[in-house]
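The values are calculated or read from the model by the stated rules, or taken from the named source; none is laboratory data. What you see is a predicted model, and the numbers here were worked out from it, not measured in a lab. Cβ: placed from backbone, ideal geometry, glycine included. Neighbour counts: every protein chain shown.
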């Protein structure tokens with residue numbers, strides 16, 4: 001094989017087949033040019049970010065040292081689900097279900113794709129801004145005494161107190177507007 005052929009064979013397009021995400025370095029099965037299939041190919045990902053691509057996603061296969069026996073895959077993308085229409089400088093994290101964290105030019109948009117968004121294992125959540133909600137706000141939501149803010153407001157405006165030893169009650173609280 002000529003040197004030119006060896007150099008050309010060092011870099012190629014890879015179509016992802018199966019993915020093994022149970023190992024310390026994810027491995028994939030890939031199909032490369034001329035329907036050549038390779039198993040247990042390491043997939044190198046960016047530190048701090050990991051994903052499990054669907055079969056059919058595409059990546060770049062690199063034959064380390066020119067040896068197809070030591071191939072790695074980088075830069076896997078999936079044109080079926082890739083977000084389009086971002087503005088210059090914008091960044092997004094997304095999946096096939098419509099979940100998205102989009103760093104727009106005007107702020108950050110988190111789209112739960114119609115699913116639950118959870119913040120877990122926090123010491124405390126501190127928000128240094130006004131909070132607006134278009135839905136109900138409920139505290140102690142996993143406990144029997146859970147109540148929404150609207151229910152708490154209704155309770156506060158209708159309850160009475162005993163004011164003296166004979167048990168006379170006050171009028172219901174006045175609701176402020």
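How many residues does region 104-159 hold that are in contact with a helix residue (DSSP H, G or I) (Cβ under 7 Å, 6 or more places away or on another chain) and closer than 25 Å to residue 94 by Cβ?
Qualifying residue count, region 104-159: 0.
Restricting the first member to region 129-143 and to residues that are assigned by TED's automatic domain parsing to the domain that holds residue 118, and the second to residues that are part of a loop (DSSP other than H, G, I, E, B), the beta-carbon pairs closer than 6 Å and six or more apart or on different chains are 138/146; 140/146. For the residues 88, 58, 145, 132, the requirement of being loosely packed, with under 10 Cβ neighbours inside 10 Å and either at pLDDT 95 or above or at positive phi (or both) singles out 88. Any residue at all in region 36-45 that is within 26 Å of the chain's Cα centre (by Cα) and assigned to a loop (DSSP other than H, G, I, E, B)? Among the residues of region 36-45, at least one is within 26 Å of the chain's Cα centre (by Cα) and assigned to a loop (DSSP other than H, G, I, E, B), which makes the answer yes.
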